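Asker: The structure's right below; bear with me while I get my questions together.
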Amino acid sequence: MATRGGGSQSYGFPIYCAAWLPLAHILKPDPPAAEADADASSSSTSPSSPSPPMAVLGGGGGEGRSGVPNKLVVAALAAGEEAAPAALSPETVLEVKTREEVPYRMTVHPRGDGVFCAFPNGCRLYRWESQEGEGPQNLALEPDQEALAALKDVGLQLAVSFSREGSILAIGGEDGHLRVFKWPAMGSVLTETDTKTSIKDLTISSDDKFLAVNRSSGPCRVWDLKSSEVVASLPREAGEIFGFCRFCNKTDNSHVLFITAMQGDYGKIVSWNTTSWTRIGSKKITREAISASAVSPNGALLAIGTIEGSIIILSSKDMRTLVTVKKAHLGIVTTLAFSQDSRTLLSTSFDSSARVTSVGSPKSNGTSIWPMLLVIILAILVYYCMQHKEDILAMLPR
């Protein structure tokens, strides 16, 4: 597992899905209300150093005889040297073999209930188990055979997501079947089947009010999760093909819906008002096809990944490009995920690599401030020469 540099780490198997872990809830699950005060007083008397951020990665060689195992691995953010970029550790915290089934899509429960995985034939929940001792090095992931019995044979799910607080689970299948459940009871919230299209992506607003769904064709449909009714059908402009959709929080607690789209040779991001459901913005971002998308938890950042392995991070406020990493991966970017503090972006690829990109770091985008400073200095010199042209000419030898 050699480091390729630039915050990238190779794990020896194609990575299809990934997510940061909510360690605060996994290592110390939310206690019952009656025990909260006692836990707070005991923790104040026994402080411990915080664990490094961790991510779970899923993938493998598939059903063929490639010799590459299918598995889930957990890796921690390595404490690198001062001048070195952040990267995941080459040593994994734990590994779980998934036999002949490759983890294709993943969503991690935000309150520590486990890791929801979509396999080619169905879904499975892996729960966190603590072995002897304390700390992340003693964690284990064990499949819960009973938790998702109804989803065991539902086929490949192309989009899976928990709501921000973990009370809703939404999944969308290659067969066009949309299913939304209350978690953990798994009571049905809504269901829709459209066998003529497959579901490409879905997103739940942070207030659990709306669900947006993109299919392989047609508009983006927005559901009200309380009434289980469609409240908007967001049309495409001529030549647009919708891809990913993400709700984003604004500072006033309202939301914007961002949708990636391909239009001709350009990949673009379209924004929608969630009150009137009107298109409020559109910007061309790249000439590479978009293969992954993410929004930071604080709502300030957007990120896209491309089939050429590039990463672009933008401001959600004005679509200004903040970080560009050309060829961050040697293959298609499969997953993007911002850390809980919105300061780092995790990206993965079919090339077996997982990369950590620091937002705002000059080294992360491969650009330098010196060209900009040189342009400013040259502009000042030109201005000075124009203002003192006669004096300069008088100084020249005749």
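The values are calculated or read from the model by the stated rules, or taken from the named source; none is laboratory data. Keep in mind the model is a prediction, meaning the values are calculated, not measured. Reconstructed Cβ throughout: ideal geometry from the backbone, glycine too, with neighbour counts over all protein chains shown. SASA here: full protein model, heavy atoms, side chains in, ligands and nucleic acids out. Shrake-Rupley method; radii C 1.70, N 1.55, O 1.52, S 1.80 Å.
Asker: When region 158-208 is examined, which residues are found to be on the phi > 0 side of the Ramachandran plot, open to solvent by 20 Å² or more (accessible area, probe 1.4 Å) and under 19 Å from the mean Cα position of the chain (by Cα)?
Answerer: D208
Asker: Give the residues of region 211-221 that are within 19 Å of the chain's Cα centre (by Cα) and over 15 Å from S293 (Cβ atoms), sorted by residue number.
Answerer: Once the filter is applied, which keeps residues that are within 19 Å of the chain's Cα centre (by Cα) and over 15 Å from S293 (Cβ atoms), region 211-221 yields only L211.
Quick grid of which residues meet (1) β-branched (V, I, T); (2) more than 14 Å from C17 (Cα to Cα); (3) buried (at least 18 other Cβ atoms within 10 Å of the Cβ):
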residue	(1), (2), (3)
S293	no, no, yes
A303	no, yes, yes
S310	no, yes, yes
T321	yes, yes, no
V333	yes, no, yes
F350	no, no, yes
